[in-house]
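A.B. asks: Okay, handing you the structure first.
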Amino acid sequence: MIELGQTVMTKMIALKTGTSWIYKRFVEDSLNRFINEDFGDISEEDKQTNIEAFENGDMVIGAYTLGNVKIWIMRDQDGNGSFVTTVLFPDEY
């Protein structure tokens with residue numbers, strides 16, 4: 001299982017989850033998949049990179065799609081060595 005640390009979302013994700021229970025559920029389900037090392041809609045090569053990054057404490061990225069809406073979930077370390085997980089739209093990166 002992946003340790004998320006502090007979990008945050010961008011303003012646009014927060015607005016979308018605040019107005020749509022379907023979208024809120026999609027984000028929750030995506031986070032659960034991410035925790036269980038299901039990185040969603042990424043290539044096999046990227047999945048292998050994620051596994052290695054997870055073992056080294058480096059950035060891990062997941063991509064999830066609902067209809068024509070895609071989100072990314074990114075876990076990385078902050079300046080203090082603690083993990084921070086961010087939910088965002090790809091164009092917000």
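The values are calculated or read from the model by the stated rules, or taken from the named source; none is laboratory data. Everything numeric here is computed off the predicted structure, so don't read it as measured data. Here the Cβ positions follow ideal geometry from the backbone for every residue, glycine too, while neighbour counts run over all protein chains shown. Calculation scope for accessible area: heavy atoms of the full protein, side chains included, ligands and nucleic acids excluded. Shrake-Rupley method; radii C 1.70, N 1.55, O 1.52, S 1.80 Å.
A.B. asks: Kindly list, by first and then second residue, each pair from a residue in segment 1-27 that is without any contact (Cβ under 8 Å) to a residue 40 or more places away in the chain to a residue that is of a type outside the set (S, T, Y), limited to pairs with Cβ atoms under 7 Å and residues at least 6 apart or on different chains.
C.D. replies: Pairs that qualify, where the first residue is without any contact (Cβ under 8 Å) to a residue 40 or more places away in the chain and the partner is of a type outside the set (S, T, Y), are M1/I35; M1/N36; T17/K24; T17/V27.
A.B. asks: Further question on the same structure: Restricting to segment 55-75, give me the number of residues that are out of contact with any Gly (no Cβ under 6 Å at 6 or more places or on another chain), of a type outside the set (V, I, T) and open to solvent by less than 60 Å² (accessible area, probe 1.4 Å).
C.D. replies: 3
A.B. asks: So, Q48, is that one touching a residue at least 40 places away in the same chain (Cβ under 8 Å) and open to solvent by 80 Å² or more (accessible area, probe 1.4 Å) or not?
C.D. replies: The answer is no for Q48.
A.B. asks: Within segment 14-21, is even one residue in contact with a strand residue (DSSP E or B) (Cβ under 6 Å, 6 or more places away or on another chain), hydroxyl-bearing (S, T, Y) and open to solvent by less than 70 Å² (accessible area, probe 1.4 Å)?
C.D. replies: No: zero hits.
A.B. asks: So I51 passes all but one of these: (1) within 8 Å of the chain's Cα centre (by Cα); (2) modelled with pLDDT under 95. Which condition number does it fail?
C.D. replies: That leaves (1) as the condition not met.
A.B. asks: Please pick out the residue among G81, G40 that is in contact with a Ser or Thr (Cβ under 8 Å, 6 or more places away or on another chain) and free of Cβ contacts under 8 Å to residues at least 60 places away in the same chain.
C.D. replies: Every option except G40 fails the conditions.
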